[in-house]
Amino acid sequence: MIKITPLGSSSAGNAYHITDGETALLLEAGLSFKTIQRGINYKTSELAACLITHNHGDHVKGAKDVMKAGVELYCSAGTAEAAGLTGHRLNIVTEHKPFKVGSWIILPFDVQHDAAEPLGFLLANRTGDKILFATDTFYIKYKFSGLTHLLIECNYSDAIVERNILAQPDEDKRRNLIYRRSRLLKSHFSLENMKEFIRNNDMSKVQEIWLIHLSDTNSDEALFKREIQELTGRPVYVAGR
């Protein structure tokens, strides 16, 4: 049985613990190592690996200490170079080339973000579980079948961003919001894009959906949960920020 535990999910730091009862993984290490340790009840030795999507600080902050604790770390060459990750615990992976960690077969795939060679991951095990992990991307160009769990970014809503811009009376601050919106459109997954992704993919086996990496100012947790739940008919959870 799959258990997903968000340890942190925001621009302040991202990390998620997942297990199928046989092999435990850490997805991202964007929190301090002490925070990660507390989040997994100090069971670091039970982690088979840590997967890193890209080099931004809120995803790699604790990566070096995770490796020092004896955990194998997997990321792209671009991520490793940009984040200064080295050592014998570092494993370089390439998009579309699967690798095995314990009970998991993991397929990295390219995503669209302003980082050095960012990746998403599709994780499958022998009992038929299939988890899609995708964050910090404005678009997912691939289609997936047989997914059972989604751990996916739903960072903002176009309508909320526009509303915040129009509500800002200060001209300089408004221009800053417009500039920030241009980055959002090219780096993060919106509610609207997520709904389109769901419509274009096989959701027949999905058991649960986790919405992750919500914006502090451009999201609405209750709205996002309700709309995705209504669209899919599946349980939807929002990772705490």
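The values are calculated or read from the model by the stated rules, or taken from the named source; none is laboratory data. Computed from a predicted structure; not experimentally measured. All Cβ positions, glycine included, derive from the backbone under ideal geometry; neighbour counts span all protein chains shown.
Points to keep in mind about this one:
- Of the strands (runs of 3 or more DSSP E) lying entirely inside region 1-81, those carrying at least 1 residues that are charged (D, E, K, R), free of Cβ contacts under 8 Å to residues at least 40 places away in the same chain and under 20 Å from Leu150 (Cα atoms) are 3-10.
- Any hit, region 92-112, residues being among the small types (Gly, Ala, Ser), crowded, with 17+ Cβ neighbours inside 10 Å and either in contact with a Lys or Arg (Cβ under 6 Å, 6 or more places away or on another chain) or over 22 Å from Ser9 (Cβ atoms) (or both): yes
- Search result, residues across region 212-241 that are assigned to a loop (DSSP other than H, G, I, E, B), farther than 24 Å from Lys141 by Cβ, in contact with a strand residue (DSSP E or B) (Cβ under 8 Å, 6 or more places away or on another chain) and without any contact (Cβ under 8 Å) to a residue 40 or more places away in the chain: Pro235
- Candidates Ile198, Ile209, filtered to the one that is outside any helix (DSSP H, G or I), modelled with pLDDT of 95 or more and surrounded by 15 or more Cβ atoms within 10 Å (Cβ to Cβ): Ile209
- Residues that are touching a Lys or Arg at 6+ places or on another chain (Cβ under 9 Å) and surrounded by fewer than 17 Cβ atoms within 10 Å (Cβ to Cβ), drawn from region 73-85: Gly84
- Selection from region 127-153 of residues that are in a loop (DSSP other than H, G, I, E, B) and either touching a strand residue (DSSP E or B) at 6+ places or on another chain (Cβ under 7 Å) or of a type in the set (D, E, K, R) (or both): Asp129, Thr135, Asp136, Thr137, Ile140, Lys141, Tyr142, Lys143, Phe144, Gly146, Leu147, Thr148
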